[in-house]
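Heads up: the structure comes next, in structure tokens.
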Amino acid sequence: MYEKVIELFKKISQIPHCSSNTQKLQGFISEYAKERGFTVFRDNYGNVLAYKNKPKLALQSHIDMVCVGDAPKIEIIEENRWLKAKNSSLGADNGIGVAMMLAFMDKYDDIEYLFTNDEEIGLIGAKHLEFKISAPYLLNLDSEDEREIIIGCAGGVDAEIKYPLKKEKIKGCIGNVSVTNLPGGHSGVDIDKYIPNAIIELLYKIESIASIKGGERRNSIPANAYAKEVFEGNEDIEVYTDDYLKFLRKLPHGVLEYDFEFKIPSKSVNFALIDEDKITLSARANTNEKLNEMKEYILSKTYGCEVLFEDEYPAWAPEKSELALKLQKITEAKLNVIHAGLECAVLKEKFPEVSMASYGPLIENPHSLRERVSLESVKKVVNNVEELINQI
């Protein structure tokens, strides 16, 4: 089964499936399931549901990936029992889960297979799901460490900020200043790993701004940032007034509150994007109450600006579910909470009676050029999930 999973993962990696552009993968999954006799539904938001007999368990993964570097052109490299990609994100988040589900279709017809769309840009597919699941258990395959079973997750919201810019003319000459090729990383699970933010680094290296742009994705720690700065010279150059640079330097980034029980951040914010006067902060919090506190905090830091909160998704309150305990007996993994968004939070609101947990193989540095997945971990997870299927 493990070999089949890796074969399918390599196949789907060659099908473009960046967020907002997953139609080809939707089609591949639909045809794959129909060829195996499954009934397939595909809704208006790109979600795909496949089932055959009365399901005892639902497996769920999202089909979109964060495309960084050359992606969606992905060249997979195997190195020391890890898979990675040449100059791009790999898409193991959540392509390995998708591949596992496709592989299990060849063997198990009493499972409900739910493929959700556009998770990486606000859990859009899960939020707008147009069909129901009927299984009593749902296992999300979007976790990134097989030593843990996830039983709760952070909620999040993006803040779109527009600063009321003013300009002035000064004497000088224009020079380009940039901070590039930093490691990047996931804005949730990597926010406490001391990864430098290219926008923040740039802001403390310049003294004037004629132009500024930085960041790659809302849910990635910025790896690149660019500015035009004014140096000594005699030309008349239009720049943003000093108050803008001071404002930008005061914007928050990083861990704001820590959860010592689960040893993860409980509140954080990522200074994700800047394009002249437009700024995006992505905030996360481990409870809905704390998420509301984050919104108030951002408003206090951006007084006088236009602020629009977008793509909000709820937190998943920690729950030692029946499914999590069944899986724990098989894996001996610890129950934990993750400081990132999982679709379980949205799906639990839609299907409160369904017992849920999240589990997956070891994936390092998702949403970055350094993303890689452990083949030994994939093999272990495939075997453990199959054992869970057989027990249920």
Seminar exercise, completed: For Lys205, counting only aspartates and glutamates whose alpha-carbon sits under 12 Å away and dropping same-chain residues fewer than eight positions off, the answer is Glu229
Seminar exercise, completed: The percentage of Cα-Cα pairs in the range 138-229 separated by more than 23 Å is 43 percent
For this session: Within 10 Å, count the other beta carbons around each residue, average over each peptide in 131-142, 27-38, 353-364, and list them highest first.
Result: 353-364, 131-142, 27-38
Exercise. Considering only DSSP states other than H, G, I, E and B, which trypsin sites (Lys or Arg not before Pro) in the range 44-73 qualify as loop sites with at most 16 other Cβ atoms within 10 Å?
Worked result: Lys56, Lys73
For this session: Grab the Cα-Cα distance for Lys54 and Glu276, subtract it from 0.36 nm times how many residues apart they are, and report the gain in nm with one decimal.
Result: 74.5 nm
Seminar exercise, completed: One finds, for Lys171 and Ser20 with R0 = 56 angstrom and r their Cβ-Cβ distance, a FRET efficiency to the nearest 0.05 of 0.80
Problem set entry | Degrees between helix 375-391 axis and first principal axis of the chain (Cα, 0 to 90, nearest 10) | 40 degrees
Exercise. If eta is 1.306 mPa s and T is 10 °C, what Stokes-Einstein diffusion coefficient results for the range 13-116, Kirkwood Rh from Cα pairs, in µm²/s?
Worked result: 111 µm²/s
For this session: Calculate, for Asp109 and Asn383, the FRET efficiency according to 1/(1 + (r/R0)^6) with r their C-beta to C-beta distance and R0 22 Å; round to the nearest 0.05.
Result: 0.65
Seminar exercise, completed: Per the chain, sqrt(5λ) over the Cα gyration tensor eigenvalues, sorted largest first, in Å, gives 41, 22, 18
Exercise. For Glu31, what is the net charge nearby, where nearby means another residue's Cβ is under 15 Å from its Cβ and Lys, Arg count +1, Asp, Glu -1?
Worked result: +3
For this session: Determine which lysines satisfy two conditions relative to Lys34: a Cα distance under 26 Å, and not lying fewer than 8 residues away in the same chain.
Result: Lys4, Lys10, Lys11, Lys24, Lys52, Lys54, Lys56, Lys107, Lys127, Lys132
Problem set entry | Spin-label model distance (nm) - Glu296 vs Tyr194, 7 Å beyond Cα toward Cβ | 3.4 nm
Exercise. So what is the 222 nm mean residue ellipticity for the chain from helices alone, if each DSSP H run of at least 4 adds -39500 (n - 2.57) and you divide by all residues, rounding to the nearest 500 deg cm²/dmol?
Worked result: -8000 deg cm²/dmol
Exercise. How much of the calculated P(r) for the range 157-313 lies past 23 Å, in percent of all Cα pairs?
Worked result: 39 percent
Exercise. Given 0.36 nm per residue, what is the gain on full extension from Lys263 to Lys11 after removing their alpha carbon distance, in nm?
Worked result: 87.0 nm
For this session: Might you list the cysteines of the chain that have no disulfide-compatible partner by the rule of another cysteine's Cβ under 4.7 Å?
Result: Cys153, Cys173, Cys305, Cys344
Exercise. Sorting Lys267, Lys326 on the 10 Å Cβ count, fewest up front, what's the list?
Worked result: Lys326, Lys267
Exercise. Which GluC sites (Glu not before Pro) from the range 203-244 combine a DSSP loop assignment with at most 15 other Cβ atoms within 10 Å?
Worked result: Glu207
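Laboratory data are not the source of any read-out in this text; all were calculated from the coordinates shown. Because the structure is predicted, anything quoted here is derived from the model rather than measured. Every residue, glycine among them, receives a Cβ derived from its backbone with ideal geometry; neighbour counts consider all protein chains shown.
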